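Heads up, the thing below is written out as structure tokens.
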Amino acid sequence: MKTLRLLATLLLVALSMGLYSCGKFEIEDPVSIPTGDNFFNDTDKNFAEYMDDYSDIKCRFALAGEGSMLLTGIKNKHLWFSEFDTITKKLKSTWLDIEETDTIQQVHTGYGEYKEMRIGLVTLHYYKKTKTGDIVTFRLSSVPQTIFTSNGKTKRTPLEANNNYMNTYDWYNESVFIGNRCYSSEGDPLFTIEDSYFFRDGNVTPISYEEGIKFDYSYPPISFERFNIKEGKSVWKTNLTDIELPSDSKISYTILDKSANVWEYKVDAVLYNGMKHSYIFTVNMEDGKANVAEEGVKVTSIALNKSQVTLDIGEIFQLVDTVKPNNAENSKVVWASSNESVATVDQNGLVTAKSYGESVITVTTEDGGFTATSNIIVKKKEISDYITSKTFTSMINVGGYIQGIIGCEIINNSKEDILLTNYTVIDDNENVLLTNSYDNNILKAGSSYREDVSIRGVFNELTLRWTYIHNGKEYTYTTKYKVTTSL
């Protein structure tokens with residue numbers, strides 16, 4: 001279904017130029033149409049910009065807006081409009097009436113009486129594509145007429161003097177309301193209501209030909225009403241008293257789900273001071289009962305446990321994301337690699353090195369699109385990149401005098417053996433507390449070795465130093481242990 005978006009602007013412009021009567025409808029003979037300053041000259045300029053020859057079009061009108069130029073008139077005795085792109089000048093859509101319309105029309109003025117009207121301008125006010133045709137509302141000078149086309153046939157509303165206020169509203173199953181009368185998409189009148197006020201602010205969702213749901217936020221509190229427009233009575237009305245917003249709030253709403261009997265809505269509100277609030281709530285269509293909850297806490301940031309990681313081919317590393325705040329409603333993230341030939345990442349943050357090079361791993365939050373990155377460097381490592389250690393202590397501190405046991409475990413995380421040659425413990429006074437040399441102490445791949453030493457004395461820090469050999473090259477691994485004042 002397509003509805004032209006120029007229509008609201010068109011109505012405002014036309015009214016401001018005095019093209020339509022705002023009081024009692026009167027027909028002069030002929031009807032006098034205000035021209036404004038160079039009005040018709042400007043119209044012809046617009047037509048000339050988009051059409052090579054428009055001499056066969058009478059009662060012309062042109063209006064630009066939202067990237068489109070809308071041209072209307074009577075073309076070879078047929079009501080017509082065309083919409084053009086203002087940048088490319090190409091035709092976007094066009095419509096031509098099947099039946100003829102003369103520039104002199106008879107308008108019903110009531111009590112079976114008619115008066116002649118000469119059409120000065122033709123303006124488009126509504127257009128909708130239906131499954132079998134179109135619904136089009138024109139104003140012929142100040143008198144509206146709606147044309148229904150269906151399977152090559154047309155029906156149209158009569159030209160009546162008391163129709164000058166009537167608007168066209170979308171309704172259920174491609175039907176429309178014209179003033180206070182409901183028409184099918186083929187143009188058959190279905191029923192008439194007493195007053196069309198129910199539609200005037202546009203916040204109505206039809207649920208049948210006879211009933212609709214009206215969302216009203218014109219003044220607090222926000223309310224919902226199921227209304228039978230044919231009978232002119234309310235089925236139920238619910239005030240959302242749980243939502244307390246200032247009367248000057250800017251409010252919009254979205255229907256998230258109306259597939260079942262309980263509809264889900266979202267209301268977004270912007271306060272005068274710029275603060276924003278969102279609410280999710282459900283409304284039962286049978287009884288109007290509503291459940292309201294302010295939308296969950298939003299994500300504000302995300303971080304990773306490592307900003308840079310060095311790996312060798314075949315190695316893996318677990319990146320860990322931290323989403324803030326901890327109570328964010330949606331903490332879901334998406335992982336991606338900038339170069340999957342170098343390093344891949346799964347949706348749990350597990351990185352696998354594939355080939356030498358660099359890749360940037362990016363994690364992005366679903367809520368808010370916040371990102372964090374880690375630079376992955378894949379290169380052939382030295383053996384020292386795989387050696388780590390753990391420290392174990394059992395000490396007491398008596399007036400600054402330290403005594404107890406300190407243990408250190410050296411861990412070979414590589415896939416190759418190393419040869420341990422020495423382990424030394426030194427305090428910050430350069431006193432050697434322990435030194436052990438090894439003749440043939442092989443530390444196999446994936447294994448560890450631990451030394452414990454009894455210590456006593458006055459010191460603040462210990463240096464634990466391992467010496468080992470790999471492929472004939474000597475390496476040193478050093479760990480610092482700082483003694484606390486209370487152990």
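Bear in mind these aren't lab numbers, they're just calculated from the coordinates by the rules spelled out. The model shown is predicted, which means the values in this text are computed figures rather than measured ones. Here Cβ is always computed from backbone atoms with ideal geometry, including for glycine, and neighbour counts include all displayed protein chains.
Results, tabulated for the structure shown:
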| quantity | calculated |
| --- | --- |
| For residue 441, residues with placed amide H under 5 Å, excluding near neighbours | 420 |
| Counting DSSP beta bridges with both ends in the chain, the antiparallel % (nearest 5) | 95 percent |
| At most 11 other Cβ within 10 Å, DSSP loop - trypsin sites (Lys or Arg not before Pro), the range 103-151 | 131 |
| Debye-sum result for the chain in log10 I(q)/I(0), which assumes one identical scatterer on each alpha carbon, at q = 0.12 Å⁻¹ | -1.16 |
| Low-density loop positions, GluC sites (Glu not before Pro), the range 322-394 - DSSP coil, at most 16 other Cβ in 10 Å | 329, 340, 366, 382 |
| Helix 39-50 vs. the chain, principal-axis angle (Cα, 0 to 90°, nearest 10) | 60 degrees |
| Partner aspartates and glutamates for residue 298 [C-alpha distance under 19 Å; skip if fewer than 8 residues away on the same chain] | 268, 321, 329, 366, 367 |
| Kirkwood hydrodynamic radius (C-alpha pairs) into Stokes-Einstein, the range 193-295, 20 °C and 1.002 mPa s, D in µm²/s | 150 µm²/s |
| Gain upon complete extension [residue 219, residue 447; 0.36 nm per residue less C-alpha separation] | 74.7 nm |
| Expected 222 nm ellipticity per residue - DSSP helices of 4 or more, -39500 (n - 2.57), all of the chain, to 500 | -1500 deg cm²/dmol |
| Debye, to nearest 20: dipole size of the chain, +1 on Lys, Arg Cβ, -1 on Asp, Glu Cβ | 460 debye |
| Cut-off under 5 Å, modelled amide H: who pairs with residue 236 long-range | 226 |
| Cross-link reach list, lysines versus residue 415, counting only Cα pairs under 18 Å and skipping chain neighbours closer than eight places | 354, 379, 380, 381, 444, 473 |
| DSSP-loop GluC sites (Glu not before Pro) across the range 397-487, with at most 14 other Cβ within 10 angstrom | 416, 430 |
| Sequence-distant residues sharing a close amide H with residue 180 (under 5 Å, placed H) | none |
| Folded to 0 to 90 degrees: helix 7-16 orientation relative to the chain principal axis, Cα | 50 degrees |
